[in-house]
Amino acid sequence: MDTRKAVSGRAATAGISQAGLSFPPGNDQVAHAPDGRLLKRAAMASFIGNFVEWFDYASYGYLATIIAVVFFPKTDPATGLLAAYAVFAISFIVRPIGGIVWGHFGDKIGRRTALSLSILIMSASTFVIAFLPTYAQVGVMAPILLLLVRLIQGFSASGEYAGASAFLAEYAPEGKRGLYTSIVPASTAAGLLFGSIFVAVLHAVLSTEQIQSFGWRLPFLLAAPFGLIGRYIRVRLEDTPKFKALEISHHLARAPVRELLSVHRGKMLIAFGVTCLNAVAFYLVLSYMPTYLSTEMGMGETESFIAATISLTAYIGFIFIMGALSDRVGRKTMLIGASILFALLTVPLFKGLVGAGFLTIVMIQIGFGALLTMNDGTLPCFLSEIFPTRVRYSGFAFCFNAANALFGGTAPFVATWLIHATGSKLAPAWYMVGAAVVALVAMLASRETSREPLADD
């Protein structure tokens, strides 16, 4: 970054208010913190977009065994399931690219504009899935079309989580950023919860033949109304005070990604490393677990989804507790604690699933959820705080999506493959332990961010 521009930018943005909004010298406008009504609208806008994204991913993950039959019928059940998870994983390939694109627009033209457009593309592509032809109708074109739509989804979704988190972090009052940004992972869990309930109802009221015939399409039809509601809310919002301050002072980054790679490489490595645990644990605990219980532990599909629904409900409550706790004890303490507990407890908890009854399985899933919320309830705020405003959206989006592309979207596929390759049902647990070690090393190299105001550059 040009030093003269940085100095002039700082001078121009002197007099930052409590909310972070500032004006160039001589401007007699007065900056005020956002009122409660504006904060609520920002929270709702962030919640609903992320909800739509993860309801889609939940529906696909929970219907993986059905999708395997509908789109890959010529394979045995295990291979078909691997193929369905492969499509799920491949759709994540474009997420780092999408993170760069959405991050660039979010840092250049505004968080609100980027989020309003991404939810429109996301909901439209999800809606299209409901009308895709099956393998029985068009043969090999069916999985190809499914993959193409999933790639569009992956691209559009790559700006959602990061943008919503940065948006709330920049709106939140000092001392409450952890609580406010925890709304984003809570909306993720709410989307998964609604998906779990929806799929559980499908399995309860429809026969297997009916689900394979038309039932699997139903959850994807809901994307259109959800997406339109989310876009309506977002376009009526103002952009964040922090972004508007940079815009007024003409201090926006010209090339956010280039600035990231030249100035913030160390922060990017830390962000990527700590996100690895979130990526692996999130998809294994919240998305893959019902399939694991039904295919590997012999649990009925309805029972496995009921267990997931109960644990997700508890998870949402834990999220807000952990977000608020991170405001008190710090992001670093929470994220290091989550890494250590995952490394120590994952294998014993997986062992506890073997031969367990329904109540024991539910308690183990709630335990996993509590561990995950230590990371998931803290991570969005940490990733928002570690990068300055000029490149916050880009840094968050690229690192978060790169980790999820490599380790998150592939987690169900890798877990299924490891079980069949090793013959051990504990293989996914050891995979999660490895991710926890990587996250622990990253956080030990980081600094505490919760006690400082959001940096501009």
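General remarks:
- Between Leu206 and Thr360, the modelled label-to-label distance comes to 3.4 nm, taking each label 7 Å out from Cα in the direction of the beta carbon.
- Cβ-derived FRET efficiency at R0 25 Å, Ile97 paired with Phe214, nearest 0.05: 0.15
- Model label points for Ile340 and Lys176, set 7 angstrom from Cα along the Cα-to-Cβ axis, are 3.1 nm apart.
- Near-label residues of the range 333-358 by backbone N, under 19 Å of a point 7 Å along Cα→Cβ of Thr302: 357-358
- Helix-only CD estimate at 222 nm, as mean residue ellipticity for the chain, using -39500 (n - 2.57) per DSSP H run (n ≥ 4): -23500 deg cm²/dmol
- Segment Val140..Arg451, full-extension length gain: 106.5 nm, with 0.36 nm per residue of separation and the alpha-carbon distance subtracted.
- Using a cutoff of 8 angstrom between alpha carbon atoms and counting only pairs six or more residues apart, the relative contact order for the chain works out to 26 percent.
- Label reach from Ser262 (point 7 Å along Cα→C-beta): in the range 383-403, amide nitrogens under 20 Å belong to 387-396, 398-399.
- Inter-part distance, the range 384-437 to the range 244-304, computed on C-alpha centroids, equals 7 Å.
- Each residue, Val235 and His250, gets one label point 7 Å from its Cα in the Cβ direction; the gap between the two is 3.1 nm.
- Fully extended contour minus Cα-Cα distance, from Val441 to Val347, at 0.36 nm per residue: 31.9 nm
- Each peptide among 441-448, 119-126 gets the average number of other Cβ atoms lying within 10 Å of its residues, and from highest to lowest they stand as 119-126, 441-448.
- Highest mean first, the peptides 78-91, 221-234 sorted by other C-beta atoms within 10 Å per residue fall in the order 78-91, 221-234.
- Centroid-to-centroid separation of the range 329-360 and the range 53-89 [C-alpha atoms, Å]: 27 Å
- Put in order of Cβ neighbour count within 10 Å, fewest first, the listed residues Lys242, Lys176 become Lys176, Lys242.
- Computed over the chain, the percent of Cα pairs more than 32 Å apart is 35.
- For the chain, the Cβ-based charge dipole about the Cα centre amounts to some 820 debye (Lys, Arg positive; Asp, Glu negative; other atoms uncharged).
- Proximal lysine pairs, the chain, alpha carbons under 28 Å, eight or more residues apart or interchain: 23
- Length released on extending from Lys40 to Val329, taking residue separation times 0.36 nm less the Cα-Cα span: 101.5 nm
Only the coordinates and a few stated rules stand behind these numbers; no lab work does. Small disclaimer: the values here were computed from a predicted structure and weren't measured. Quick reminder, even Gly has a Cβ in these numbers, built from the backbone with ideal geometry, and neighbours come from all protein chains shown.
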